[in-house]
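The values are calculated or read from the model by the stated rules, or taken from the named source; none is laboratory data. Since the model is a prediction, treat every value here as computed from it, not as a measurement. So basically every Cβ, Gly included, is an ideal-geometry build from the backbone, and we count neighbours across all protein chains shown. Ligands, DNA and RNA are excluded from the accessible area calculation, which covers all protein heavy atoms including side chains. Shrake-Rupley method; radii C 1.70, N 1.55, O 1.52, S 1.80 Å.
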Amino acid sequence: MDEIVEALLSEDVLPEDLAALPLPEAYRGNVVHRDETGMFEGIPSAEKDPRKSLHLREVPTPEPGPGEALVAVMASAINYNTVWSSIFEPLPTFGFLERYGRLSELTRRHDLPYHVLGSDLAGVVLRTGPGVNRWKAGDRVVAHCLSVELESADGHG
């Protein structure tokens, strides 16, 4: 991880240098667990404490699939999606991820017993999957919770 951070902070790093960096097998992420989705049942929303459902843990680094990019997150934020997901409201995200996972062999990898939280970030592209033509290693990007295709200008203008 130190090698990636050092490269990202360097003024002289080239896109091909970033693309050649070895990726860590795992990274630290804040997750919620599928088997805890009922932990707040019967508790009013205002009394649900997101800290009780959040778990900081090592998560396997995914390989980007078609249309996806792997981004080194340099800054992130907590927004309403993070809070709602952490208190399992209005619905736990696991139902959506399970349905999404049934679409194809590729999407199946998103149907896991945990969900990494986060939908707002600024970072640097490290890898891109097949079919990604607009973004490349070294591009500085911002991601947000709008639902647009990766390469669509609709959410990036």
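Could you check how many residues of segment 96-105 are open to solvent by 40 Å² or more (accessible area, probe 1.4 Å) and assigned to a helix (DSSP H, G or I)? Show your work before the answer.
Just the residues of segment 96-105 that are open to solvent by 40 Å² or more (accessible area, probe 1.4 Å), to begin with: 96, 98-100, 102-105.
Filter once more, keeping what is assigned to a helix (DSSP H, G or I): 96, 98-100.
Residues in segment 96-105 being open to solvent by 40 Å² or more (accessible area, probe 1.4 Å) and assigned to a helix (DSSP H, G or I): 4 in total.
Inspect segment 137-148 for any residue being part of a strand (DSSP E or B), modelled with pLDDT under 95 and more than 11 Å from ALA69 (Cβ to Cβ) and give the result as yes or no. Yes, the conditions are met somewhere in segment 137-148. Would you tally the residues in segment 27-49 being modelled with pLDDT of 95 or more and either under 21 Å from the mean Cα position of the chain (by Cα) or within 23 Å of GLU98 (Cα to Cα) (or both)? The qualifying residues number 11.
Residues in segment 107-144 that are open to solvent by 70 Å² or more (accessible area, probe 1.4 Å) and among the hydrophobic types (A, V, I, L, M, F, W, C): VAL142 alone.
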